[in-house]
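The values are calculated or read from the model by the stated rules, or taken from the named source; none is laboratory data. Owing to the predicted nature of the structure, the values given are computational and were not obtained by experimental measurement. Here the Cβ is made from the backbone with ideal geometry for all residues, glycine too, and neighbour counts use every protein chain on show. For the accessible areas, the whole protein counts, side chains as well, though only heavy atoms, and no ligand, DNA or RNA atoms are used. Shrake-Rupley method; radii C 1.70, N 1.55, O 1.52, S 1.80 Å.
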Amino acid sequence: MEEYRITAIDQLPDLAEKLISFCKGCRVVAFFGEMGAGKTTFIREICAKLGVLENVSSPTFSIVNEYGLPGGGSVFHFDCYRLKNEEEAITVGVEEYFESGDWCLVEWPEKILYLLPKPRIDVFISADYNIRIIRFVHA
């Protein structure tokens, strides 16, 4: 486990590099945190560090956005907030995405907890006034 405390958004690029290094080949990352904790903002920085050139936004209504990587492959960004149950996630094909070997960055993973593969990385983001506490855990 690694834990970081950040007080400014300009610290996120460095933290994104640390997370990518922490992953050590694991490509499924689940982001836990309350509404407004900064999950999408952090994912945007991770995508930038991976080389995504497209605009990264939360896939709240589409459930999943795909971003291409310059050297090939993709980053799949999931927002599971609107899913009513795991069956909806299966219909979307989350298991195939997780097995693809591409990056899968999952917001609101609580909604599909039993579908998430292991190994994976869990990222916990909590807000305490103007400080964000971010923990990386191998799951």
Set the Förster radius R0 to 22 Å, insert the Cβ-Cβ distance between Glu96 and Ser62 as r into 1/(1 + (r/R0)^6), and round the FRET efficiency to 0.05.
0.85
Please name which of Leu50, Leu116, Ser62 has its Cα lying farthest along the dipole of the chain towards the positive end, using unit charges on Cβ (Lys, Arg +1; Asp, Glu -1) and the Cα centre as origin.
Leu50
Which whole number in µm²/s is D for segment 1-116 by Stokes-Einstein, with the Kirkwood Rh taken over Cα pairs at 25 °C and 0.890 mPa s?
168 µm²/s
Quantify, in whole percent, the carbon and sulfur part of the accessible surface of the chain (1.4 Å probe; protein heavy atoms only).
51 percent
Cα long-axis angle, helix 12-23 against the chain (0 to 90 degrees, to the nearest 10)
50 degrees
Given the whole protein assembly as supplied and a 1.4 Å probe, what does the accessible area of His138 come to in Å², nearest 10?
100 Å²
What do you reckon, how do Glu54, Glu107, Glu34, Glu88 stack up by accessible area (1.4 Å probe), largest on top?
Glu34, Glu54, Glu88, Glu107
Between Ser126 and Ala8, what is 0.36 nm times their sequence separation minus the Cα-Cα distance? Round to one decimal in nm.
41.1 nm
With a 20 Å threshold on alpha-carbon distance, the violating pairs from Lys49/Lys111; Lys24/Lys118; Lys24/Lys111; Lys39/Lys111; Lys18/Lys111 are Lys49/Lys111; Lys24/Lys111; Lys18/Lys111
Ile9: accessible area at probe 1.4 Å, nearest 10 Å²?
120 Å²
For Arg82, the accessible surface traced by a 1.4 Å probe with all protein chains present amounts, in square angstrom to the nearest 10, to 110 Å²
